[in-house]
Amino acid sequence: MKKTYLLLLITILATSCKPGGGQTQNSNDSKPVITVTIEPLRYFTEAIAGDRFTVVSMVPKGTSPETYDPSPQQLVDLAQSKAYFRIGYIGFEQSWIDRLTDNAPHLQFFDTSQGIELIYDDSHPHHHPEADGGGASDKAHKHEHAGGVEPHVWNSTTNAQIIAGNILSALCTIDKANENAYVERYNGLCRQIERTDSLIRQILSHADTDHAFMIYHPALSYFARDYGLHQIPIEAGGKEPSPSHLKDLINTCKEEKVRVIFIQPEFDRRNADLIARQTGTQVVSINPLSYDWETEMMRIAESLAPGSFPEERKGKE
C-alpha cells in the first residue's frame, strides 16, 4: 500500500512540474545531475567530476542520515539524475535504496564503500544487508546499524582514498569520453587526502596528544582505527544512556584521562554537558556530515592535540 501511494504521488508531482519552471534539480543548469546521499560524498564527487556534473545531496544539511525521509519533490528530482552514488550503509540508504531503485529503474546506482574494510558491532550478526535481499523497511527510524556495520566510513583518510577510487570508476563508467579529466582530478584529490593524513599524523604524534576521546554518537570509529585512538560513545545501543551507564562513562572518562567530548549538531548535548561538568572535560562541537571534509578531519585531530584548550588543561594540572 505504501509503495503504491508513493508511486501515485510521484506521478502526480511529475505531471504537475512544467519543463523549465524551476521545479527540478537542474532546471537552471543544463549539466547532467548526479545524486549522492550525504554532503561529504558530494565533496569527493565534485572534486573528481569538476564542472561536468551538477552534484546534489539527498540528505540536507543539518539533518540525520540515519532517519531522514526524502521529500516528494526530491523523489521527482531523483528521476532526472544520471546516477546515484551511495555511501554504503547509512540508515537513509537502508530504508530507502530499494524504493529509490524501484521508482527510478533507469538510474545507475554505485556503492562507493566497495573495498573498505568494515568495522562491525559485535552485538549484531556479521553480514551485509544486501545479502538479505535488501529488506530495509524495519530500519527506518533506528540508530542501530544495519547488519552490524559501522556506517560512518567517510571519516577516515584511508577510506577516503577508496571512496575516491570508486567515484572515479563510476564516473568513467557513465562518461567514458572524459576519463582522462577524471583521472587527473582523482590524482589531485588523492594527493590532498594524503596531505591531510600526513598533517593529522603529525598532530597526533605528540607525546601528550589524547589517545582516548568521548563522543555522543560513535561517528569516528574509522578515524580512531586509522590513528590508534579509543572512541568512547555516550550512546548505548543507539539509545540514551541509563543513569548507571552515565556513571560508568564518568568513571571511564576519569580513568582514561579523556579531555574532549565531541558532540554533533543533530544530537542532544545534555548528557555530554553533564559528563563534562562531572569530569572537567571540554565539550567540542564537530560536524562529521559537513561538506568541508578536510576541515572537519583537521579540527578533530587538533582538538586532541596538547594545548588546544590551554585554560582547561592548566586547570587540570
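The values are calculated or read from the model by the stated rules, or taken from the named source; none is laboratory data. All values reported here derive from a predicted model rather than from experimental measurement. Positions of Cβ are generated from backbone atoms using ideal geometry, with glycine treated the same way; all protein chains shown enter the neighbour counts. Accessible surface areas use protein heavy atoms only, side chains included; no ligands, DNA or RNA. Shrake-Rupley method; radii C 1.70, N 1.55, O 1.52, S 1.80 Å.
Using just the alpha carbons, could you tell me how many Å³ per residue the convex hull of the stretch 190-241 encloses?
80 Å³
Could you work out how far apart the two model spin labels at residue 98 and residue 245 are, taking each label as a point 7 Å from the Cα in the direction of the beta carbon, and quote it in nm?
2.8 nm
So with the 1.4 Å probe, I'd like the accessible area per residue for the stretch 208-317, rounded to whole Å².
Normalised by residue count, the accessible surface of the stretch 208-317 is 47 Å².
Heavy-atom accessible area per residue, the stretch 24-101, 1.4 Å probe: how many Å²?
Value returned for the stretch 24-101: 31 Å² of accessible area per residue.
Using a 1.4 Å probe and ignoring any ligands, DNA or RNA, find the accessible area of residue 291 and quote it in Å² to the nearest 10.
Residue 291 has an accessible surface of roughly 60 Å² with all protein chains in place.
Taking amide hydrogens as modeled 1.01 Å from N in the peptide plane, which residues meet the under 5 Å criterion relative to residue 36, leaving out close sequence neighbours?
Answer set, sorted by chain and number: 56, 57, 58, 85.
Take the Cα pairs of the stretch 207-317, get the Kirkwood Rh, then feed it into Stokes-Einstein at 20 °C and 1.002 mPa s and tell me D in µm²/s.
Taking Rh from Cα pairs, D becomes 151 µm²/s.
Cβ neighbours within 10 Å, averaged per peptide: list 203-212, 184-193 in order, most packed at the top.
So the order, starting with the most tightly packed, is 184-193, 203-212.
What does the extension gain come out to for residue 292 and residue 208, with contour length at 0.36 nm per residue minus their alpha carbon separation?
Extra length available between residue 292 and residue 208 comes to 27.5 nm.
So for each of 100-106, 246-252 I average, over its residues, the number of other beta carbons within 10 Å; can you give me the resulting order with the highest mean first?
Per-residue Cβ counts within 10 Å, averaged per peptide and sorted highest first, yield 246-252, 100-106.
How big is the charge dipole of the stretch 183-317 about its Cα centre, in debye rounded to the nearest 20, if each Lys and Arg gets +1 on its Cβ and each Asp and Glu gets -1 on its Cβ?
With only Lys, Arg, Asp and Glu charged at Cβ, the dipole is about 240 debye.
Can you give the extra length, in nm with one decimal, that the chain gains between residue 178 and residue 266 once fully stretched, where that is 0.36 nm per residue apart less the Cα-Cα distance?
Length difference between fully extended and current span is 27.8 nm.
Indicate the gyration tensor shape class of the stretch 164-217 (rounded, prolate or oblate), computed on the Cα atoms with a ≥ b ≥ c the square roots of the eigenvalues: a/c under 1.5 is rounded; otherwise a/b larger than b/c is prolate and the rest oblate.
It is oblate, given that a/c is not under 1.5 and a/b is not larger than b/c.
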